[in-house]
1. Please report the antiparallel percentage of DSSP beta bridges with both residues in the chain, rounded to the nearest 5.
2. Could you calculate, for the chain, the ratio of the Cα radius of gyration to the Kirkwood radius, expressed as Rg to Rh?
3. Among bridges DSSP assigns within the stretch 114-359, what percent are antiparallel (round to 5)?
4. If exposed GluC sites (Glu not before Pro) are those in a DSSP loop with at most 14 other Cβ within 10 Å, what is the longest stretch of the chain that has none?
5. Taking every DSSP beta bridge with both residues inside the stretch 121-249, roughly what % is antiparallel (nearest 5)?
6. Would you mind listing how long the stretch 53-183 runs along its three principal axes, going by Cα atoms, in whole Å with the largest first?
7. Principal axis extents for the stretch 190-285, Cα atoms only, whole Å, descending order, please.
8. Taking the Cα atoms of the stretch 383-480, what is the range of coordinates along each of the three principal axes, in descending order and whole Å?
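What follows is calculated from the coordinates using simple rules that are stated; it is not laboratory data. Worth saying up front: this structure is predicted, and the values here are computed from it rather than measured. Reconstructed Cβ throughout: ideal geometry from the backbone, glycine too, with neighbour counts over all protein chains shown.
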Amino acid sequence: MPRGEEDRALDLDPRDWDAFAGLGHRALDDMVGFLRTVRDRAVWVEAPDDVRRQFDADLPVAGRDFADVLGDFDRLIKPYATGNTHPAFMGWVHGAGTPVGMIAEMLAAGLNANCGGRNHIGIEVERQVTRWMQRAFRFPDTAAGVFVTGTSMANFLALLVARNHALGDDVRSRGIVGGPQLVAYASKAAHGCIAQAMQLSGLGSDHLRLVACGADGAMRLADLEAAVAADRRRGLKPFLVVGTAGSVDIGAIDPLAQLAGFCRQSDLWFHVDGAFGALLAFSPTMRPRIAGIELADSIAFDFHKWAHVPYDAGFVLVRDGAAQRRTFASANGYLTRSDVGLAAGETWPCDLGPDLSRGFRALKTWFTLQVFGTEHLGNCMAQTCDLAKYLEGRLQAHPDFALSAPVALNIVCFSATGADADARNRRIVERLHVSGRAAPSITLLDGKAVIRCAIVNHRTTRGTIDRFVSDLEEVARDLP
Ligand SMILES: Cc1ncc(COP(=O)(O)O)c(C=O)c1O
């Protein structure tokens, strides 16, 4: 053992760096190969029982060879992933990721930066992404933003900022008991995480009014106005309107500019849940569809959906950055700031949300934006909307299927025609999944189970859609 190395007996570094690098290079090549050939594989393969059983093994007390564990990854994990990298994956609203994002994740893991705070370059990268989002949404320089897991969390944080704004910052210590009852409003098509945010905040989902939508799935302003007036008459305190830019079921967009105007007149916080739709701001052709988003008090969205940053990369942007800071920042002795050194810097990400230990989500987002640019990303989004229109056209002309909702963006909901449509739709989707040919999902519209294709993937083409329609026909034909 070289001198001075005696106390290295326990460190977790490789004993043979060259051998480690060889394995690392092979793992990288394998994953590049995996992504390069994604179109040739099944969308999804269910992990067989004997594979699942491998995950019942005991907590390892003694370690194993890295090469063996990599072998397990290749055999037991890699073949059975979700499938959202595949062009025929159209279920839920999943981003596809990119090879660039994969490398950025690896680089971030190498640095192992804790981006809760402190004076290091990771915080600077996150600040730059925040400034870029200020520009993208025409928010002022005083706006603040922070990465979170996803839009569910981003909506929750925005709701807390709005709650503090309505009740005063001392609600943090005083609590909400004894204060006026706050009421929030969103459309009936709003994502379930808005009701959940009301529950988690202590305001209660009974105090979320779900406002009716028109035939296009967008919130009806007149109904919102009536609901707010009725609550005021009852002595309740309306505080928040959540507009949706891209509803989860059908991709509908609420009348954002009108909602913003109403909120301004009525002294209400206007938040936009733009989980996937907000980043249409990158597309010159689609951007007009979300006009009014720039008037919001806060916006929640995901880089991991339509911008294809690898999971996870949610973001919340708040116009009044000071209000966001007042909602979350705490003076803790162990986080004391200094003028210089590693503890310098005024606002740290941990002052803008509840997370203290945080990974470097900003890096994979920064790489994605740098390498592709907003124009290319925006064009990919617009292309998926064109493909949705193409699929809509194919289904409109089809005798065995009927559209179930208007196609506003990139989501097509449709149903088998004839008797037993609900059960047939479910069976069709199950069989497509199990065959590995395509992965749409099921949603319920007016209580009816319909097939839902959310076309998000940058790899999806017209050829994918044509194959999907023939697979659909074949599977439907073979149903008993
Ligand atoms: C409109 C909308 N809001 C919120 C969410 C939740 O986002 P996340 O899954 O990133 O928490 C989604 C997810 O698809 C969504 O479509």
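1. Restricted to the chain, the bridges split so that about 55 percent are antiparallel.
2. Numbers: Rg = 24.5 Å, Rh = 24.5 Å.
Computed over Cα atoms, the ratio is 1.00.
3. Here the share of antiparallel DSSP bridges comes out near 40 percent.
4. 47-345
5. Rounded to the nearest five, the antiparallel share is 10 percent.
6. Projected onto the principal axes, the Cα atoms of the stretch 53-183 cover 58, 39, 37 Å.
7. Principal-axis extents of the stretch 190-285 (Cα, largest first): 44, 28, 24 Å.
8. Cα extents, longest axis first: 35, 29, 22 Å.
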